[in-house]
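A.B. asks: This is the structure I want to talk about, given as structure tokens.
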Amino acid sequence: MDQAGKEKIRIKYYECNMTKMEHLAAYLVFSAVIAVILYIYYHMLPVSVAGGLLIAFFQEKNYSKSVMRKRQARLRMQFKEFLELVSISVSGGSGRSLENAVIDSLRELQMLFNRNSDIVREIGLIVSDYEQAGIPMARGFEELGERSEIDDIISFATIYKTIEGKTSDFGYIIAQTRDIIKDKAEIVMEIETNITSAKSEAYMMLVLPLVLIVVMSVMGSGFLDALFTTGIGRASATFGVICTFASYVIATRATEIQV
């Protein structure tokens, strides 16, 4: 598909947009990592490989959802920059219309972000529909809000539709909208920073038992031989595996905070 075709694609951001090759690559990576973890606990290659292939199937689905959420978050932050540009354009009594401010913002966005970024493509679609098909920009933002399911964009689309062609004071309204979304974005960034720190600590705690088992296994003292050869050892290993993956799921779910 050529560049022009790509720019016309209307992405549903609440769906996974990974390619088949990206899904396959993620699945293979997770299979390998999980197989290594299982081998550390069991020292049985067939069981480790089979378990890795099975568990990776579910982990890849979770990963796809996380990629989708990250893309939505990235678009939300890019949209904040878009509002900043529009607010600057219409403020100060310059007399520019809201439509012209949106058109002008597209050139600025292309300098801030690369041409393949989501915000550049989406604003480009809105501008193209307005200039070539006469579709009101309010409808374009409404449609983007529906496809992104991002509250900030939905709110802006509602405000845009309300003030479009009905008030000369839209500069003040846009500035207030920008400030609200900006404040929310700063709160989200602060929360995400704390979450990232807590998540890093949780992952370190998950890796530590694996490191201890590996170190004790290669020391050659035979201290952990029972773990890999006896029934009680296998049961203990299975309990360790369950705790490891359960802790991972809990740590991941606990940090999925919607603001």
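A.B. asks: Return the total of residues in the stretch 47-96 being at positive phi and in a helix (DSSP H, G or I). Break it down stepwise before answering.
C.D. replies: Going residue by residue through the stretch 47-96, those that are at positive phi are 92-93, 95.
Now narrow it down to the ones that are in a helix (DSSP H, G or I): none.
Of the residues in that region, 0 qualify.
A.B. asks: Evaluate the following for L144: is it in contact (Cβ under 8 Å) with a residue 60 or more places away in the chain and either exposed (fewer than 15 other Cβ atoms within 10 Å of the Cβ) or in a helix (DSSP H, G or I) (or both)? Reasoning before the result, please.
C.D. replies: Details: in contact (Cβ under 8 Å) with a residue 60 or more places away in the chain: no; either exposed (fewer than 15 other Cβ atoms within 10 Å of the Cβ) or in a helix (DSSP H, G or I) (or both): yes.
Here the answer is no, as L144 does not meet what is asked.
A.B. asks: I would also like to ask the following. Applying the selection to the stretch 1-32, what residues are at pLDDT below 85 and in a helix (DSSP H, G or I)?
C.D. replies: The answer is Q3, A4, G5, K6, E7.
A.B. asks: Say we look at the stretch 147-160 and pick out the residues that are within 20 Å of the chain's Cα centre (by Cα) and part of a helix (DSSP H, G or I); which of these is surrounded by the fewest Cβ atoms within 10 Å (Cβ to Cβ)? Please lay out each step first, then the result.
C.D. replies: In the first step, residues of the stretch 147-160 are kept if they are within 20 Å of the chain's Cα centre (by Cα); the result is 147-154.
If we keep only those that are part of a helix (DSSP H, G or I) too, we end up with 147-148, 151-154.
Working: R147: 16, S148: 22, D151: 14, D152: 21, I153: 25, I154: 16.
Ranking the qualifying residues of the stretch 147-160, first place goes to D151.
A.B. asks: Against the condition among the hydrophobic types (A, V, I, L, M, F, W, C), surrounded by fewer than 18 Cβ atoms within 10 Å (Cβ to Cβ), modelled with pLDDT of 90 or more and over 25 Å from the mean Cα position of the chain (by Cα), how does A35 come out, does it pass? Give the derivation first.
C.D. replies: Working: among the hydrophobic types (A, V, I, L, M, F, W, C): yes; surrounded by fewer than 18 Cβ atoms within 10 Å (Cβ to Cβ): no; modelled with pLDDT of 90 or more: yes; over 25 Å from the mean Cα position of the chain (by Cα): yes.
When the stated conditions are applied, A35 does not pass them.
A.B. asks: Just to check your reading of the model, which residue among I187, I163 is surrounded by fewer than 16 Cβ atoms within 10 Å (Cβ to Cβ) and either of a type in the set (V, I, T) or in contact with an Asp or Glu (Cβ under 8 Å, 6 or more places away or on another chain) (or both)?
C.D. replies: On the way: I163 fails: surrounded by fewer than 16 Cβ atoms within 10 Å (Cβ to Cβ).
Checking each option against the conditions leaves just I187.
Quick grid of which residues meet (1) out of contact with any Leu (no Cβ under 7 Å at 6 or more places or on another chain); (2) of a type in the set (A, V, I, L, M); (3) buried (at least 17 other Cβ atoms within 10 Å of the Cβ):
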| site | (1), (2), (3) |
| --- | --- |
| F58 | yes, no, no |
| Y63 | yes, no, yes |
| S66 | yes, no, no |
| Q78 | yes, no, yes |
| L83 | yes, yes, yes |
| I88 | yes, yes, yes |
| L106 | yes, yes, yes |
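A.B. asks: For the stretch 156-190, name all the residues that are at pLDDT below 75 and more than 15 Å from S87 (Cβ to Cβ).
C.D. replies: Hits for the stretch 156-190 are E164, G165, K166, T167, S168.
A.B. asks: So which of I173, I181, I213 ends up being more than 25 Å from F79 (Cβ to Cβ), surrounded by 15 or more Cβ atoms within 10 Å (Cβ to Cβ) and either in contact (Cβ under 8 Å) with a residue 12 or more places away in the chain or not hydroxyl-bearing (S, T, Y) (or both)?
C.D. replies: Details: I173 fails: more than 25 Å from F79 (Cβ to Cβ); I181 fails: more than 25 Å from F79 (Cβ to Cβ).
Checking each option against the conditions leaves just I213.
A.B. asks: Taking the criterion of being in contact with a helix residue (DSSP H, G or I) (Cβ under 8 Å, 6 or more places away or on another chain), under 22 Å from D183 (Cβ atoms) and assigned to a helix (DSSP H, G or I), would at least one residue in the stretch 111-129 satisfy it?
C.D. replies: Checked the stretch 111-129: at least one residue is in contact with a helix residue (DSSP H, G or I) (Cβ under 8 Å, 6 or more places away or on another chain), under 22 Å from D183 (Cβ atoms) and assigned to a helix (DSSP H, G or I).
The values are calculated or read from the model by the stated rules, or taken from the named source; none is laboratory data. This is a predicted model, so every value here is computed, not measured. Cβ coordinates were reconstructed from backbone atoms using ideal geometry, including for glycine residues, and neighbour counts include every protein chain displayed.
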